[in-house]
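The values are calculated or read from the model by the stated rules, or taken from the named source; none is laboratory data. Small disclaimer: the values here were computed from a predicted structure and weren't measured. Note: ideal-geometry Cβ built from the backbone for every residue, glycine included; neighbour counts use all protein chains shown. Ligands, DNA and RNA are excluded from the accessible area calculation, which covers all protein heavy atoms including side chains. Shrake-Rupley method; radii C 1.70, N 1.55, O 1.52, S 1.80 Å.
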Amino acid sequence: MILKKTTDTAEHNIASLLILAACLAVITFAMEIFVFNSTYQSIPADERGVRQIGGNQVTLNNISENNGVYTLDGTGASFTITMDLSKVNAVEFTIVDMKDPFQITVSKLVNGTEVSLGANRVDSVTGSLVRIQDPGEGEALIVRFPEAYGLETDHQQFSFDDLRIDNELVFSVPRMMLLFGIMFCAAVLIVWRRYFSEHLDKAYLLIAAFVGIYMVFFIPPGYGFDENSHFVKSYQVSSLDFLSTNNGVLWPEGFVAMRDLAQISGYTSDNYSEFLNFIQTRSSLNEYVYADLTTTCANYFPITYIFSALGLALGRLFGISYPMIFYLGRLFNFVFVSAILYFCIREARVGKRIFFMLSLVPELMFLNSCYSVDPLTIAGTFCFFVLFFNTLFGEKEYFGTRQIVVYIISVLFFTAGKITYFPLAFLLWCVPADRFKARGKNHKGAVWLKWLLPLTGVVFAGITYAFSMQFPLVFFDIPGADSAGQISWILHNIPSFVYVIVKWTMTHSYYFFTDLGNSLGMAGNIGKGYGMLLWIFLFYMSFLDSRKENNLSSQQNTVYKIWSSVVILGIVTLILTALYISFTAVSAGEIKGVQGRYFLPLMPLFLMLFHSNKIQIGYDENKLNFIAELAMLFVNMPALLLILKQYVS
């Protein structure tokens, strides 16, 4: 089946999509009722519903009770709930009135043998809902408290609230949406495979729309990398408060309440439903109030928050309360950054499949769905690389007025986001001089652009640096960290500092392949093995990328690869130096704070080093594109399942 642009065919395609969507909706609805609720279906009708657990079913061990207040009498404290677990869909209870957060472990007894069911975090002040879903066969549940908890007199008391069996049908809309989205995207890519294989940009829109929007709305507020701080900065920008002074800024009252409680109690939540309940109990607060909120992101240049700030400004205009205004800012950031990446993939003449796959790496999708400076930074580098590779390798690509504008905007975005990327601007120096001319005309003066334009990177870096120096370089309370002292130590001990950089690079080389692209902020990591397999696949697909566009001579190709390698090593050194100054104790022999996402912007340049015109691959390009599309859809499944498991289910 081939998509065409005729009106009749368009109407036929729309009808086909609607029929496909309706069929998949029925299938996923049935699976939600009969597959994911199979335990509920097996429970006798008279056992269904919510019922309280009687006191005679609970046995205390090293725990005493007085008028509903429980006291831990020593280490090894636990309680046992005796029941037929085969007739239980879920057990729920809330622990409240503790002094500190802690983790409990839950296990079950099966024919006298204890089987672990995992751990649940219990939070102080607000309490924590503990839900044990589908325990399976067994005769009892055992809930154990940590050995170190409850030893001090003022920390050993807590209360139970509503110990019950929940034998109701659990209809999870997020789970159904996830299953429907995966099946729908896969079906569309397969049925219309010829069209999407020829239009990777459209395939990107399909997959990114599903994965990104799901992440935007189902990742709890504040669970991205330093997301609450980025939200505060973005909100200040939406108030035209570019210097983070909070002068005249009205904040959503619900966010202020949550922020205050988090700072007092260290509140976090490992359950999305509980998080929403927490928000709702305090978000009858629909007003906007003045507050003095600080952010660790004050030194980021305001333009990096332009898209999320636009969404927040619109939300404020209509008086939208927290947390919906939070989601609105996320959505605007995701939509605009995804649009930039779409145009990058569409305009790429060289390495189109590489840009497509990198744009759908799970960590990048996660970043695009949260408040951060990384999405616009990465989008800026991708725009720059598309322009650079098109000009460098293209047969009839010239660097004219349009390219100059795109170049300047791209350099502005990635330099303002992370000043350490400014050397990318100097890649222009390895572009052959004959590319700098107007179409059909040879302007010798245009060649000077090759040498002058990279200086825009230096100018933007200087502006970004001047802005950031208005704020402290070290925002976090890191033992021994002192930016001024660290800079002084580096200048007086250059050989030792070089040794630290080289040592870290040599001992952490695995880091670039196991931790790059698989971290999801507070959701955790998908897994080191997953990261390794992902990058092996990307390397392999990069090697198979078409070589026919490379029109460089052997000497030009060598210059390009050497200069690109120098730029990559220079940027990695700058990143490590910045983290050594900001996140590491003075004169330490290691570097703290390094995260894989800092190197994502360099991946197109690194993968394109394997691009060669001396190797011809005979594979069908459309088949490779089809493999890449399905692969990147399913590559995101572990990330979506991790979000569903930790925050939704």
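Collect the residues in region 232-255 that are of a type in the set (D, E, K, R) and at pLDDT 85 or above, keeping them in residue-number order.
K233, D241
Just checking, does region 611-629 include any residue being modelled with pLDDT of 85 or more and either in a loop (DSSP other than H, G, I, E, B) or of a type in the set (S, T, Y) (or both)?
Taking every residue of region 611-629 in turn, none turns out to be modelled with pLDDT of 85 or more and either in a loop (DSSP other than H, G, I, E, B) or of a type in the set (S, T, Y) (or both).
Filter region 284-316 down to the residues that are closer than 17 Å to E253 by Cβ and of a type in the set (A, V, I, L, M, F, W, C), then identify the one that is modelled with the highest pLDDT.
Checked region 284-316; the qualifying residue modelled with the highest pLDDT is L312.
Tell me which of these Q263 doesn't satisfy, since it passes every other one: (1) in a helix (DSSP H, G or I); (2) at pLDDT 55 or above.
In the conditions (1) in a helix (DSSP H, G or I); (2) at pLDDT 55 or above, Q263 misses (2) alone.
If T415 passes every condition in (1) modelled with pLDDT of 90 or more; (2) among the polar types (S, T, N, Q); (3) open to solvent by less than 10 Å² (accessible area, probe 1.4 Å); (4) over 23 Å from the mean Cα position of the chain (by Cα) but one, which one does it miss?
(4)
Just to verify a result, which residue in region 111-147, among those that are of a type in the set (S, T, Y) and at pLDDT below 70, is farthest from E92 (Cα to Cα)?
Per the stated criteria, the residue is S124.
Restricting the search to region 176-197, which residues are touching a residue at least 60 places away in the same chain (Cβ under 8 Å), in contact with a helix residue (DSSP H, G or I) (Cβ under 6 Å, 6 or more places away or on another chain) and of a type outside the set (A, V, I, L, M)?
F180, F184, C185, R193, F196, S197
For residues that are of a type outside the set (V, I, T) and crowded, with 21+ Cβ neighbours inside 10 Å, scanning just region 560-596, find the one that is nearest to the chain's Cα centre (by Cα).
Only one residue tops the list, namely L576.
Of all residues being free of Cβ contacts under 8 Å to residues at least 60 places away in the same chain and surrounded by 12 or more Cβ atoms within 10 Å (Cβ to Cβ) in region 42-62, which is nearest to Q133 (Cα to Cα)? Just the residue, please.
Only one residue tops the list, namely Q57.
Test A339 against the criterion of being at pLDDT 95 or above, crowded, with 24+ Cβ neighbours inside 10 Å, over 19 Å from L630 (Cα atoms) and among the aliphatic types (A, V, I, L, M), and give yes or no.
When the stated conditions are applied, A339 does not pass them.
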